[in-house]
Amino acid sequence: METASDPALLQQLGAAYRRIKDELGKAIVGQDEVKDQLLIALFARGHCIVTGVPGLAKTLLISSLSKAIGLSFNRIQFTPDMMPADITGTEVLQQNVSTGQRDLVFIRGPIFANVILADEINRTPPKTQAALLESMQEAQVTIGGKRYELQKPFFVFATQNPIEQEGTYPLPEAQLDRFMFNVKIGYPTEEEELEIVRRTTAGATVSLQPVVSQQELLSLQELVRRVPVSDHLIKYAMKLARWTRGTEKDAPGFLKETVAWGAGPRATQYLVLGAKARAALQGRPGVELEDIRWVAKPVLRHRVLLNFAAEAEGITSDDLVDRILDSVDPTKSEALADGRLPKVLGS
């Protein structure tokens, strides 16, 4: 069996990553870290929620990504009057012209595509938001007691606006937990904004081409899963997630004073998977400490619920993750005793 440490396979993955990123660069100016986070989630088979103020090309970024990887794409514009059947599809009565009999026929909804853009997902009620849960977790939908599998690969990229709260419905924590990353998009730099205005006011059109095939993407996703990670790094990821709960005996006092609810086991899974994908995309045959630390914020920021005291002091979940990263000492592990830790940390 081929291993993820095979240099040829790592080169293939790295080449695919660079091709996708270069193709995205034709339509999206800057936002390198955001692109990296989306691609890490893509190769790790994770879903993303993208948060940013209007006009930062959230929708364009996701639609461009679907074009660059040559997958089918559907955009669902979420509205307050949307129903679950508008997403998953519904059964309707149709008459067979030859027999005269009426049969229930399933009409597929927009969820049946490889890449789903759930645009402004927080503008629809929780009943409709929940229509995505089964598809995100099981890659299937159940209608009328029948299961309909979704074509793989399957990704949900949701967007939400953090500043317009009127007429919105915050996503329940159970649904937020299904998203691997919460990707935050910030304002562009002065140079990037200048280039954006130049491109968008010149009348030129950009045509993106598929640079990775569907089968190649599926193979590379399997490769990411085979990237090795040492037990003590898994324990380090576990500690980051467990400390967010504020109930661990060795957790600092500031966590117990600020956290109402913390991350569950899925957070540790995504910390490890994200670290594997980042290591592989950079051509490294194994996970390093910095890989886990790099994905900590996008994995944990939407899984930490702060209490009233923390919100009153203006503390954010990103602030809390920063403090946890500063407080957890990766060298304090039983792995240090048998000499494994220095090898992984590169010392």
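Looking at the stretch 8-15, can you tell me whether even one residue there is modelled with pLDDT of 85 or more, assigned to a helix (DSSP H, G or I) and within 17 Å of the chain's Cα centre (by Cα)?
No, the stretch 8-15 contains no residue that is modelled with pLDDT of 85 or more, assigned to a helix (DSSP H, G or I) and within 17 Å of the chain's Cα centre (by Cα).
Considering only residues that are charged (D, E, K, R) and crowded, with 16+ Cβ neighbours inside 10 Å, which ones fall in the stretch 158-215? Don't jump to the end; show me each part of the working.
Here is the first cut: in the stretch 158-215, the ones charged (D, E, K, R) are 164, 166, 173, 177-178, 184, 190-193, 195, 198-199.
Across the stretch 158-215, the qualifying residues are ASP177, ARG178, LYS184.
Considering only strands (runs of 3 or more DSSP E) fully contained in the stretch 49-120, which possess at least 1 residues that are touching a helix residue (DSSP H, G or I) at 6+ places or on another chain (Cβ under 7 Å)?
73-77, 115-119
Being of a type outside the set (D, E, K, R) and in a helix (DSSP H, G or I) is the requirement here; does SER207 meet it?
On the way: of a type outside the set (D, E, K, R): yes; in a helix (DSSP H, G or I): no.
For SER207, the condition - of a type outside the set (D, E, K, R) and in a helix (DSSP H, G or I) - is not met.
LYS127 is checked against (1) within 19 Å of the chain's Cα centre (by Cα); (2) surrounded by fewer than 20 Cβ atoms within 10 Å (Cβ to Cβ); (3) in a helix (DSSP H, G or I) and fails just one. What number does that condition carry?
With respect to (1) within 19 Å of the chain's Cα centre (by Cα); (2) surrounded by fewer than 20 Cβ atoms within 10 Å (Cβ to Cβ); (3) in a helix (DSSP H, G or I), LYS127 is out only on (1).
For THR247, all conditions in the list (1) farther than 27 Å from ARG18 by Cα; (2) not assigned by TED's automatic domain parsing to the domain that holds ALA296 hold save one; what is the number of the exception?
Status for THR247: all satisfied but (2).
Restricting the stretch 113-139 to residues that are hydrophobic (A, V, I, L, M, F, W, C) and out of contact with any strand residue (DSSP E or B) (no Cβ under 7 Å at 6 or more places or on another chain), which is nearest to PRO84 (Cα to Cα)?
Looking at the filtered set, the residue picked out is ALA131.
Could you tell me how many of the residues in the stretch 298-312 are within 26 Å of ALA277 (Cβ to Cβ) and touching a strand residue (DSSP E or B) at 6+ places or on another chain (Cβ under 8 Å)?
Summing the residues that are within 26 Å of ALA277 (Cβ to Cβ) and touching a strand residue (DSSP E or B) at 6+ places or on another chain (Cβ under 8 Å) in the stretch 298-312 gives 5.
Can you confirm whether THR142 is of a type in the set (Val, Ile, Thr), part of a loop (DSSP other than H, G, I, E, B) and touching a strand residue (DSSP E or B) at 6+ places or on another chain (Cβ under 9 Å)?
no
Return a yes/no flag: does the stretch 221-240 have any residue that is closer than 17 Å to VAL115 by Cα and buried (at least 17 other Cβ atoms within 10 Å of the Cβ).
Scanning the stretch 221-240, I find at least one residue that is closer than 17 Å to VAL115 by Cα and buried (at least 17 other Cβ atoms within 10 Å of the Cβ), so the answer is yes.
Which one of the conditions (1) closer than 22 Å to HIS302 by Cα; (2) of a type in the set (A, V, I, L, M, F, W, C); (3) in a loop (DSSP other than H, G, I, E, B); (4) modelled with pLDDT of 85 or more does LEU133 fail to meet, given that it meets all the rest?
Every listed condition holds for LEU133 apart from (3).
Hey, can you tell me all the residues within the stretch 16-49 that are at pLDDT below 85 and either assigned by TED's automatic domain parsing to the domain that holds ARG266 or in contact with a Cys (Cβ under 9 Å, 6 or more places away or on another chain) (or both)?
Result: no residue meets the conditions.
Evaluate the following for PRO162: is it over 22 Å from LEU218 (Cβ atoms) and either part of a strand (DSSP E or B) or touching a residue at least 12 places away in the same chain (Cβ under 8 Å) (or both)? Working first, answer last.
Details: over 22 Å from LEU218 (Cβ atoms): yes; either part of a strand (DSSP E or B) or touching a residue at least 12 places away in the same chain (Cβ under 8 Å) (or both): yes.
Spelling it out, PRO162 is indeed over 22 Å from LEU218 (Cβ atoms) and either part of a strand (DSSP E or B) or touching a residue at least 12 places away in the same chain (Cβ under 8 Å) (or both).
To keep it simple, each residue is scored yes or no on (1) closer than 30 Å to PRO125 by Cβ; (2) crowded, with 19+ Cβ neighbours inside 10 Å.
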| residue | (1), (2) |
| --- | --- |
| ALA8 | no, no |
| ILE28 | no, yes |
| ASP32 | no, no |
| GLN37 | yes, yes |
| HIS47 | yes, yes |
| LYS58 | yes, yes |
| LEU71 | yes, yes |
| GLN77 | yes, no |
| VAL92 | yes, no |
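Provide a single number: the residues in the stretch 145-155 that are surrounded by 14 or more Cβ atoms within 10 Å (Cβ to Cβ) and in a loop (DSSP other than H, G, I, E, B).
Count: 3.
Would a scan of the stretch 265-278 turn up a residue that is among the aliphatic types (A, V, I, L, M) and either more than 24 Å from VAL227 (Cβ to Cβ) or surrounded by fewer than 21 Cβ atoms within 10 Å (Cβ to Cβ) (or both)?
no
Among the residues in the stretch 179-189, are any assigned to a strand (DSSP E or B), assigned by TED's automatic domain parsing to the domain that holds GLN151 and among the basic types (Lys, Arg)?
Looking through the stretch 179-189, at least one residue is assigned to a strand (DSSP E or B), assigned by TED's automatic domain parsing to the domain that holds GLN151 and among the basic types (Lys, Arg).
Is at least one residue of the stretch 193-209 farther than 23 Å from ARG303 by Cβ and within 20 Å of the chain's Cα centre (by Cα)?
Within the stretch 193-209, not a single residue is farther than 23 Å from ARG303 by Cβ and within 20 Å of the chain's Cα centre (by Cα).
The values are calculated or read from the model by the stated rules, or taken from the named source; none is laboratory data. Since the structure is predicted, the reported quantities are computational estimates derived from the model, not experimental observations. Ideal geometry is used to build each Cβ from the backbone, glycine not excepted, and the neighbour counts take in all protein chains shown.
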